[in-house]
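One structure is given here, and the rest of the page talks about it.
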Amino acid sequence: MAGVAVTDLPGPYAAPGTARRIGIVEDHQAAAVGLAAMLSDQPDLTVAAIAPTVPALLRRSAELDLAILDLRLADGSSPRSNVETLHDRGIPCLVHTSGDWRDLIRSAARAGVLGVALKSDPAERTIAMIRAAASGKQVATTAWASAIDSDPALTNINLPPRQREVLEHYANGETAASVAHKLGLSEHTVNDYLSRIRRRYAEAGRPVRSRVDLYREAKRDGYIGGGDRRNR
């Protein structure tokens with residue numbers, strides 16, 4: 001959103017102990033300060049950096065447990081590119097928006113955000129969502145689900161044949177080395193395929209953080225016997 005530029009804001013917003021480090025990307029100063037104030041008395045959460053753009057946030061602090069990202073920024077950056085930039089640094093994202101920009105929510109969802117918090121939500125709900133996302137948990141909301149459901153490309157998981165083979169063997173308990181040997185691939189290629197598969201599920205709002213998650217979702221999609229459909 002266009003608005004007053006956010007420069008370095010006073011601090012610290014830190015709480016003692018082992019609080020989760022939060023970064024806020026917001027170019028409207030009142031919104032940024034308000035969100036930081038909302039979190040200031042939470043002992044397990046600390047706002048470590050506030051910036052008007054993702055590059056500026058990363059210059060201030062690259063060691064974050066979560067980035068809270070406004071969708072429409074004055075620098076013209078796309079939500080998807082912002083999320084991907086943060087993910088490249090190992091920083092998960094929670095969108096914080098008015099909810100009026102469904103196309104932008106879909107763009108962020110394609111890049112694998114943990115959820116969408118609305119600026120109109122009560123403070124208690126927003127804090128709970130931030131706390132969950134900072135712990136790596138997906139946060140399901142009506143706004144996010146509605147945007148995703150209106151874009152079939154986000155919910156359909158269609159994998160190339162070779163990735164399907166890798167997924168079937170790996171999700172059934174084989175090691176990457178074993179899958180590589182069985183399919184005549186290098187172990188590096190198998191791990192690359194698995195990374196792509198996990199990213200595709202994250203883009204669909206169905207993150208797979210463990211082999212159990214991967215097995216469940218692969219079975220749901222019919223890549224393992226007993227699923228709802230077969231993409232073969």
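Each value in this text was obtained by applying a stated rule to the coordinates, not by laboratory testing. These numbers were taken from a predicted model, which means no experiment stands behind them. Glycine gets a Cβ as well: all are built from the backbone with ideal geometry, and neighbour counts include every protein chain shown.
What is the extension gain from ALA62 to THR18, computed as 0.36 nm multiplied by their sequence separation minus the C-alpha to C-alpha distance, in nm to one decimal?
Extra length available between ALA62 and THR18 comes to 14.1 nm.
What list of ³J(HN,Hα) couplings, whole Hz, do you get for region 25-30 from phi and the Karplus terms 6.51, -1.76, 1.60, once you set θ to phi - 60° and write x for glycine and proline?
10, 7, 9, 10, 4, 4
Return VAL54, VAL212 ranked ascending by Cβ neighbour count within 10 Å, so the fewest neighbours appear first.
The most exposed by this proxy come first: VAL212, VAL54.
Would you please put 165-173, 83-91, 120-128 in order of how densely packed they are, using the mean number of other Cβ atoms within 10 angstrom per residue and starting with the highest?
Result, highest mean Cβ count within 10 Å first: 165-173, 83-91, 120-128.
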